[in-house]
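Novice: Quick one: the structure is below, questions incoming.
The values are calculated or read from the model by the stated rules, or taken from the named source; none is laboratory data. Since we're looking at a predicted model, the values are computed, not measured. No Cβ is skipped: glycine too gets one built from the backbone with ideal geometry, and neighbour counts run over all protein chains shown.
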Amino acid sequence: MVGGFRWAAMFPDEVWEHVFSFLPADADRNAAALVCRAWYRIERRSRWRVFVGNCYAVEPAAAVRRFPEVRAAAIKGKPHFADFNLVPSDWGGGAEAWVEAMAEGWPHLEELRLKRMVVSDDCLELIARCFKNFKVLSLVSCEGFSTAGLAAIAANCRNLRELDLHENEVEDNCLHWMSHFPESFASLVTLNIACLEGEVNVSVLERLIGRCPNLKTLRLNHSVPLERLVGLLHRVPQLVDLGTGKFAAQHHPELFSKLESAIAGCKNLKSLSGFWEAGPTYLPAIYSVCEGLTSLNLSYATLQGPELIKLISRCKNLQRLWVMDLIEDDGLIAVAASCKLLQELRVFPSDPYGAAQPISLTEHGLVAISAGCPMLHSVLYFCRQMTNAALLTVAKNCPNFTCFRLCIMEPHTPDYITRQPLDAGFSAIVESCKHLRRLSLSGLLTDLVFKSIGASANCLEMLSVAFAGDGDAGLHYILSGCKNLRKLEIRDCPFGDKPLLDNAAKLETMRSLWMSSCSVTLGACRQLARKMPLLNVEVINERKRGLPLELQPDNCPVEKLYIYRTVAGPRSDTPSCVWILR
Amino acid sequence: MDGGVGYADMDALKATELRLGLPGSHPPEKPLPTTTTARPTKRSLDDDREARRETSEGGRATSTRATKAQVVGWPPIRSYRKNSFQAMKATAEAAGLYVKVSMDGAPYLRKIDLEVYKGYRELREGLEDMFKCFEGCKGSEYAITYEDKDGDLMLVGDVPWEMFTSSCKKLRIIRGAEAIRGLGSSQ
């Protein structure tokens with residue numbers, strides 16, 4: 001060790017472990033581990049939380065070996081565009097390899113969070129059997145398992161605190177899975193079954209939650225009728241986060257007043273969601289808790305503007321609002337007037353494919369929110385028209401955006417007043433919002449917008465691009481700028497080989513790059529793969545016509561391309577439509 | 001970076017390029033996005049260039065019309081949410097009873113959901129509201145008629161409300177002298 005630091009070697013390892021425990025981010029712990037061998041050794045033995053952003057970036061066994069004391073692991077699988085059916089269903093992202101390695105090396109694992117992975121019932125059974133102190137299971141956008149797997153979790157995880165199932169595709173083959181929680185089981189804090197399709201035995205659920213005094217989050221699925229919600233709420237008045245089941249029933253004054261008082265009885269409610277099939281009849285039953293709400297998700301409720309306004313204007317402390325575009329501009333103007341603490345807004349399209357009754361949700365709603373809500377930092381907005389002027393105003397009003405995702409639903413839509421591309425508008429956003437970490441573009445855009453993004457978006461970590469740009473320059477601006485870029489996903493843009501090859505080194509500083517329906521050729525991918533051994537260059541070709549990929553010429557166009565950095569080399573579970581170039 | 005020189009040149013070139021189309025509109029340089037309906041056969045690069053030329057000449061309009069066919073994965077909504085939409089739409093569509101309403105002299109028709117109204121008076125008020133911008137004369141000189149299942153033009157108000165909603169195919173508001181004559185003693 002360098003002379004001046006000999007004093008450091010006198011501290012026992014425990015002291016350094018304690019110091020490292022104050023490092024907030026994994027990036028900081030990673031940096032500490034690079035200082036010297038001693039710190040590497042101490043850090044790895046004391047890390048108990050691990051995040052793997054790409055399940056194929058490292059061999060599971062290697063991760064488990066390096067950090068033997070892990071108690072909490074989070075792993076992500078498929079690329080983000082899998083959410084929109086752009087990734088073949090058999091692409092990969094299976095959880096078995098990880099669960100097996102963890103069962104072997106981390107028997108004390110307490111928390112497992114998986115996102116966009118294929119999780120089989122066997123995996124769930126392995127988890128249930130192998131981790132004696134298992135406390136948290138969170139599955140987000142996963143598939144491949146059934147309620148039989150959940151039964152195994154229920155039966156065996158004696159200390160389970162959280163069962164959080166968020167937007168998974170779950171096969172329903174075990175109706176009574178919840179009955180597998182033993183009578184002695186009382187440790188639940190979070191139960192989120194909103195994504196389950198099948199019937200839920202409400203009586204079993206009532207008994208289960210009745211004996212869990214620490215239950216804070218309960219999110220039901222749409223099969224739970226409104227009448228039964230009353231009984232459930234009586235058993236858990238300490239609830240902080242409620243997801244209702246079906247929020248509609250025949251009008252019945254008695255049911256209304258029972259519901260109203262049951263909800264009012266939950267004095268700690270901060271978050272509401274669910275509201276399937278909600279109509280104006282029973283909505284007023286939740287008015288009494290509106291003032292305390294910080295989070296409201298009405299994105300599955302086809303409520304119209306006036307009802308939404310009546311409800312949301314009471315939610316003076318709202319921080320997060322998810323809603324359908326049925327709220328329209330008028331509704332958003334009301335939100336801007338009432339919800340001064342709003343931080344996150346998501347507006348989803350009620351009719352994304354049809355040309356049904358036109359909804360009056362335009363750029364005006366977005367501008368109103370930007371003007372009225374000074375704490376706004378995260379927006380997801382689906383609409384059909386936009387202007388550069390509106391985006392300039394939004395950029396000026398909200399320099400604190402961390403996440404800005406605008407989806408103008410028709411590709412190539414220009415500024416509807418000036419007919420110009422929306423380059424100026426989005427440029428204003430990236431120039432004004434110095435802390436922007438996530439950006440999704442839409443509308444008519446030329447290479448100019450990418451020039452601005454490359455130059456100004458210094459904190460940008462994730463960029464989503466579709467139907468934009470003129471040519472190679474666009475992609476080059478991004479890859480040669482955006483110094484913190486981690487994830488780049490592109491579809492239907494005229495970007496070709498040159499910017500990829502010119503910026504090959506950049507790709508190793510990123511987690512992943514997805515390109516589909518662009519102008520990349522097989523030759524460039526081969527060159528890239530040869531040049532960059534630490535990248536997996538996956539070419540995805542679902543139309544199995546003609547020659548196999550190895551025999552295709554260099555000028556063969558590549559449909560879908562997924563490139564990610566990895567220390568694990570090519571994966572061994574590729575389906576027939578995926579080639580990993582070497 | 002060396003690559004930059006090449007791209008700046010391309011930028012300058014683009015600014016001077018002559019092309020068809022409205023100022024500010026930039027025709028795509030690549031083939032149309034994949035649609036769920038048409039599965040094109042595997043194209044060689046030559047075919048791609050052909051398609052691009054066609055699109056450029058067609059201009060913005062063609063490509064916009066073509067994208068009306070559902071593009072895979074666009075708009076970017078998760079399958080989970082999409083499935084909920086289908087379910088919601090199904091219940092919503094099953095519930096509505098939309099009929100066209102025409103008014104003599106009005107440049108376009110409207111559509112109303114008969115299930116929203118509880119009776120004839122509400123229907124009348126709703127229609128008055130909807131068409132008041134076209135009122136050239138005072139409100140009294142019009143008659144509301146409807147076309148029933150047999151295609152006959154009937155005066156609204158004669159039969160019980162439920163019978164009316166189940167047999168009404170479209171509404172027509174008749175104005176002026178014809179209406180006065182027709183009304184006679186029935187009001």
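Novice: Would you please name the residue that is farthest from A:Asp164 (Cα to Cα), looking only at residues in segment A:181-195 that are aliphatic (A, V, I, L, M) and part of a loop (DSSP other than H, G, I, E, B)?
Specialist: Across segment A:181-195, the extreme among qualifying residues is A:Ala186.
Novice: Residues that are surrounded by fewer than 14 Cβ atoms within 10 Å (Cβ to Cβ), modelled with pLDDT of 90 or more and touching a helix residue (DSSP H, G or I) at 6+ places or on another chain (Cβ under 9 Å): which helices (runs of 4 or more DSSP H) entirely in segment A:2-57 hold 1 or more of them?
Specialist: Helices (runs of 4 or more DSSP H) meeting the threshold: A:13-20, A:26-33, A:37-46.
Novice: Go through segment A:459-480 and give me each residue that's among the small types (Gly, Ala, Ser) and buried (at least 20 other Cβ atoms within 10 Å of the Cβ).
Specialist: Across segment A:459-480, the qualifying residues are A:Ser464, A:Ala466, A:Ala468, A:Gly469, A:Gly471, A:Ala473, A:Gly474.
Novice: Something else: Has segment A:323-339 got at least one residue that is surrounded by 19 or more Cβ atoms within 10 Å (Cβ to Cβ) and closer than 25 Å to A:Ile193 by Cβ?
Specialist: Checked against the condition, which is being surrounded by 19 or more Cβ atoms within 10 Å (Cβ to Cβ) and closer than 25 Å to A:Ile193 by Cβ, segment A:323-339 yields at least one hit.
Novice: For segment A:429-438, give me each residue that is surrounded by 24 or more Cβ atoms within 10 Å (Cβ to Cβ) and either over 16 Å from A:Leu488 (Cβ atoms) or within 14 Å of chain B (Cβ to nearest Cβ) (or both).
Specialist: Scanning segment A:429-438 gives A:Ile429, A:Cys433.
Novice: Within segment A:179-189, identify whether any single residue is in contact with a Lys or Arg (Cβ under 7 Å, 6 or more places away or on another chain), within 14 Å of chain B (Cβ to nearest Cβ), crowded, with 19+ Cβ neighbours inside 10 Å and at pLDDT 95 or above, and answer yes or no.
Specialist: Scanning segment A:179-189 turns up no residue that is in contact with a Lys or Arg (Cβ under 7 Å, 6 or more places away or on another chain), within 14 Å of chain B (Cβ to nearest Cβ), crowded, with 19+ Cβ neighbours inside 10 Å and at pLDDT 95 or above.
Novice: Scanning for something surrounded by 23 or more Cβ atoms within 10 Å (Cβ to Cβ) and over 20 Å from A:Val537 (Cα atoms), does segment A:488-510 turn up at least one residue?
Specialist: no
Novice: Find the helices (runs of 4 or more DSSP H) located wholly in segment A:472-582 whose residues include 2 or more that are within 9 Å of chain B (Cβ to nearest Cβ) and β-branched (Val, Ile, Thr), and list them.
Specialist: none
Novice: Something else now. Of the residues A:Leu255, A:Leu232, A:Leu205, which single one is under 18 Å from A:Leu160 (Cα atoms) and either at pLDDT 95 or above or surrounded by fewer than 19 Cβ atoms within 10 Å (Cβ to Cβ) (or both)?
Specialist: From the options A:Leu255, A:Leu232, A:Leu205, the qualifying one is A:Leu205.
Novice: Evaluate segment B:124-135: report whether one residue or more is assigned to a loop (DSSP other than H, G, I, E, B) and modelled with pLDDT under 90.
Specialist: yes
Novice: Identify, please: which residue in segment A:485-530 is small (Gly, Ala, Ser) and in contact (Cβ under 8 Å) with a residue 60 or more places away in the chain and is, among those, farthest from A:Tyr564 (Cα to Cα)?
Specialist: A:Ser516
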